[in-house]
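*Asks:* The structure under discussion is supplied below as structure tokens; questions concerning it will follow.
The values are calculated or read from the model by the stated rules, or taken from the named source; none is laboratory data. This is a predicted model, so every value here is computed, not measured. Neighbour counts are summed over all protein chains in view; Cβ atoms, including those assigned to glycine, are modelled from backbone coordinates with ideal geometry.
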Amino acid sequence: TVYVFDGATGDLLHEFFSPNARANGRFGLALSGVPDTDGDGLADVVVGAPGEETIRRTGASGKAYIFSGSSGELLQTFPRKGEPTDVSWAQLFGSAVVGFEDLNGDGRGDIAVSAPRSRLNQTSLGGAGIVYIFDGATGDQLNAISPTSNDSKLSFGTSLSAVPDTNLDGYDDLLIGSNLQQAFLHDGRSGFYLWKFESPNEETNGGFARIPAGLPDANGDGRGDILIGAENENPGTDLADVGRSYAFFSPFLAPILNVEPQSIDFGEHSVTRHDPTIRTLRLTNEGDGTLEFVGSGVQLYHDKFTFSEPPDLSPLPGGATRDFTLHFQTYEVGEEAVNLRFFTNFLSVPTLEIPLLGVGVDTNITILRADPQTQQGRFGTEVAGLSDVNDDGFGDVAVTVRENGRWGIRLFDGVSGASIRKISLEDGGFYYWGIAFDSVPDVNLDGINEIVVGDPSRRLPNSPTQAGAAYLFDGATGD
């Protein structure tokens, strides 16, 4: 049961009961006031019940509720059917709750609800925890905040606190406690990770971050500040577990990440070379805050592109730069591409992607390339050598393509591999258009051989279904 008392008189105003009461449901374990969610101009109340059952097959995963502060009426129930919280086991959804001022611009209060035993995804082990942000007025999910670590001992979201705006974006932020003596500050509106707090006097089982709280500006910089308790720390007295509290004053300065170059083209690399093509990538922290690499820090899944040595993922102070040396080496002819990813606490771009490109070449092989802007797959379904169609005295090549929704034949110079022209029909041709084609000796006396193309699936007027057709094109113009 949850009780609401008049702050002025101490009189009992409301008693809230769970609409899904069950043994050990722990309704009321977590609760918080919420700015008006139903438009009556009065504050409301959010209550967590982490032991209540939501799905029979998964057991206790918890619920949360919003009640009207004025009438006591039940306004919202979380999670609703179909919410992502339905898919995991032992989530303890509702272990911590907190109300926010408006986060999505509708003028109503919103809420955060933690599920500290939720999995990060369906394939992850254990449950590192997730914090969900909900629209207080509609009950819609606005965001889901995951920790940067997949440690099942973390219990991300054991406690929650709203913090007055720390980054001057006009919205409150969110302080999230954990079981590993770490608290995490996240942007309230976007959910992006901003800062990590650890005890300056860390002790085993010191209890730091189990009880974090946001403070109104305490140092005159116009930003919210942080108060975090460590109830079991020993400040040096003869008494055990006396505890400490720490005030952390803003600004919690943010990093600004710049990368040069924005993409790396290694160019052509001979497949007979035994040394790699080398390029350098530079990361610069142009902000005042420290740049931290979060989670795995970096992702590069490609055997042709590698770092010259294990990348340095230690924190990068404000104003500092760091170079990464990258290698490209291949013994296979053809294009290679991958996105190199860095995961950081840079608010604007928490996942930085740098495209890496390279081409393995052999002097005895010419590479024909699809147009990346127009190609829609199936490049090279059919290929054929042709007699000279560009009057350079050498044979050329035709390749089936599908570009901008149309089947066609693209002609390439047999020596350089450069595109000569595309041959296609206005209606784009049928599915098997271009499955067969060949050059034809010059028939219009312009000195250039022509192209004949088969379309065995063509439907023609007054003929059997898919009777087929063949087309003769001018080799010089494509007409």
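*Asks:* Being under 29 Å from Thr272 (Cα atoms) and in contact with a Phe, Trp or Tyr (Cβ under 8 Å, 6 or more places away or on another chain) is the filter here; which residues of the range 338-353 pass it?
*Replies:* Residues satisfying the conditions are Val338, Leu340.
*Asks:* Give just the number: which of (1) within 22 Å of the chain's Cα centre (by Cα); (2) surrounded by fewer than 16 Cβ atoms within 10 Å (Cβ to Cβ); (3) not in a strand (DSSP E or B) does Leu347 not satisfy?
*Replies:* If we test Leu347 against (1) within 22 Å of the chain's Cα centre (by Cα); (2) surrounded by fewer than 16 Cβ atoms within 10 Å (Cβ to Cβ); (3) not in a strand (DSSP E or B), just (2) comes out false.
*Asks:* Can you tell me which residue among Gly318, Gly295, Gly334 is at positive phi, assigned by TED's automatic domain parsing to the domain that holds Asp275 and more than 23 Å from the chain's Cα centre (by Cα)?
*Replies:* Details: Gly318 fails: at positive phi; Gly295 fails: more than 23 Å from the chain's Cα centre (by Cα).
Just one listed residue meets the conditions, Gly334.
*Asks:* Tell me, which residue of the range 219-273 that is small (Gly, Ala, Ser) and touching a Leu at 6+ places or on another chain (Cβ under 9 Å) is nearest to His327 (Cα to Cα)?
*Replies:* In the first step, residues of the range 219-273 are kept if they are small (Gly, Ala, Ser); the result is 220, 222, 224, 229-230, 236, 240, 243, 245, 247, 250, 254, 263, 267, 270.
Filter once more, keeping what is touching a Leu at 6+ places or on another chain (Cβ under 9 Å): 222, 224, 245, 247, 254, 263, 267.
Values: Gly222: 47, Gly224: 45, Ser245: 49, Ala247: 46, Ala254: 31, Ser263: 14, Gly267: 12 Å.
Per the stated criteria, the residue is Gly267.
*Asks:* Within the bounds of the range 403-424, is there any residue that is at pLDDT 80 or above, among the hydroxyl-bearing types (Ser, Thr, Tyr) and surrounded by fewer than 14 Cβ atoms within 10 Å (Cβ to Cβ)?
*Replies:* yes
*Asks:* Considering every residue within the range 351-369, establish whether at least one is at positive phi and either among the basic types (Lys, Arg) or part of a loop (DSSP other than H, G, I, E, B) (or both). Before the answer, list the steps.
*Replies:* Taking the range 351-369 first, the residues at positive phi are none.
No, because not a single residue in the range 351-369 is at positive phi and either among the basic types (Lys, Arg) or part of a loop (DSSP other than H, G, I, E, B) (or both).
*Asks:* Could you identify the single residue in Glu202, Glu198, Glu260 that is touching a Lys or Arg at 6+ places or on another chain (Cβ under 7 Å), more than 30 Å from Asp135 (Cβ to Cβ) and not β-branched (Val, Ile, Thr)? I'd like the intermediate steps shown before the answer.
*Replies:* On the way: Glu202 fails: touching a Lys or Arg at 6+ places or on another chain (Cβ under 7 Å); Glu198 fails: touching a Lys or Arg at 6+ places or on another chain (Cβ under 7 Å).
Only one candidate passes the filter, namely Glu260.
*Asks:* Hey, among the residues in the range 435-471 that are among the aliphatic types (A, V, I, L, M) and over 17 Å from Val397 (Cα atoms), which one's surrounded by the fewest Cβ atoms within 10 Å (Cβ to Cβ)?
*Replies:* Initial filter on the range 435-471 (among the aliphatic types (A, V, I, L, M)): 435-436, 440, 443, 445, 448, 451-453, 460, 467, 469-470.
If we keep only those that are over 17 Å from Val397 (Cα atoms) too, we end up with 443, 445, 460, 467, 469-470.
On the way: Val443: 12, Leu445: 6, Leu460: 12, Ala467: 12, Ala469: 18, Ala470: 12.
Out of the qualifying residues, it is Leu445.
*Asks:* Looking only at the range 181-204, count how many residues are of a type outside the set (D, E, K, R), modelled with pLDDT under 90 and within 25 Å of the chain's Cα centre (by Cα).
*Replies:* Summing the residues that are of a type outside the set (D, E, K, R), modelled with pLDDT under 90 and within 25 Å of the chain's Cα centre (by Cα) in the range 181-204 gives 6.
*Asks:* Also, I was wondering about something else. Does the range 450-479 hold any residues that are of a type outside the set (Val, Ile, Thr), part of a loop (DSSP other than H, G, I, E, B) and within 18 Å of Ile420 (Cβ to Cβ), and which are they? Steps first, answer last, please.
*Replies:* So the first thing to find is which residues in the range 450-479 are of a type outside the set (Val, Ile, Thr), and the list is 450, 454-464, 466-476, 478-479.
If we keep only those that are part of a loop (DSSP other than H, G, I, E, B) as well, we get 456-464, 466-468, 474-476, 478-479.
Scanning the range 450-479 gives Asp474, Gly475, Ala476, Gly478, Asp479.
*Asks:* Residue by residue through the range 1-42, note down the ones that are small (Gly, Ala, Ser), buried (at least 18 other Cβ atoms within 10 Å of the Cβ) and not in a strand (DSSP E or B).
*Replies:* Selection gives Ser18, Gly25.
*Asks:* Let me ask something else about it. Of all residues in the range 303-335 being assigned to a loop (DSSP other than H, G, I, E, B) and of a type in the set (Asp, Glu), which is farthest from Glu260 (Cα to Cα)? Break it down into steps so the answer makes sense when it comes.
*Replies:* Quick first cut of the range 303-335, residues assigned to a loop (DSSP other than H, G, I, E, B) only: 303-304, 308-315, 317-320, 329-333.
In the following step, the residues that additionally are of a type in the set (Asp, Glu) were identified as 303, 309, 312, 332.
Working: Asp303: 23, Glu309: 19, Asp312: 17, Glu332: 28 Å.
So the residue we want is Glu332.
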